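What follows is a set of notes on a single structure, which appears directly below.
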Amino acid sequence: MSIADSINMQNTKNSNRTNTINDSESLLQLLSERLLLWDQQDAAQAAGEWHQALSIEHSIRSISPRIRQAMGLLVPSREGGSER
């Protein structure tokens, strides 16, 4: 193995590690956002604000596919949606 090959392998490992860290941070952000939305939804329901609670439910449902994608459970399709 040449020095250049060794450097390329190390760069690839570092890049993969960086991508994993970025994916983890993105997943953590999405999960934190969903928890905050759940708390807001609970508060709206407790206050009898059903329209607000339903609006928050829509936000929760829209974030769930992004969480599944960040976890590697969905892959983006070419049309911009997601496929299982």
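General observations
- Cα shape, segment 22-73, gyration tensor, a/c 1.5 rule: prolate
- Between the amide H of L74 and those of Q69, distances stay under 5 Å, these residues lying 5 or more places away or on another chain, with hydrogens modeled in the peptide plane.
- The modelled label-to-label distance for the pair Q40/S24, using points 7 Å beyond Cα in the direction of Cβ, is 2.8 nm.
- Solvent-accessible surface (1.4 angstrom probe) belonging to E25, in square angstrom, nearest 10: 100
- Accessible area (Å², 1.4 Å probe, nearest 10) - I3: 140
The values are calculated or read from the model by the stated rules, or taken from the named source; none is laboratory data. Because the structure is a prediction, the values reported are computed rather than measured. Neighbour counts are summed over all protein chains in view; Cβ atoms, including those assigned to glycine, are modelled from backbone coordinates with ideal geometry. Ligands, DNA and RNA are stripped out before the accessible areas are found, and what is left, the full protein with its side chains, is counted by its heavy atoms. Shrake-Rupley method; radii C 1.70, N 1.55, O 1.52, S 1.80 Å.
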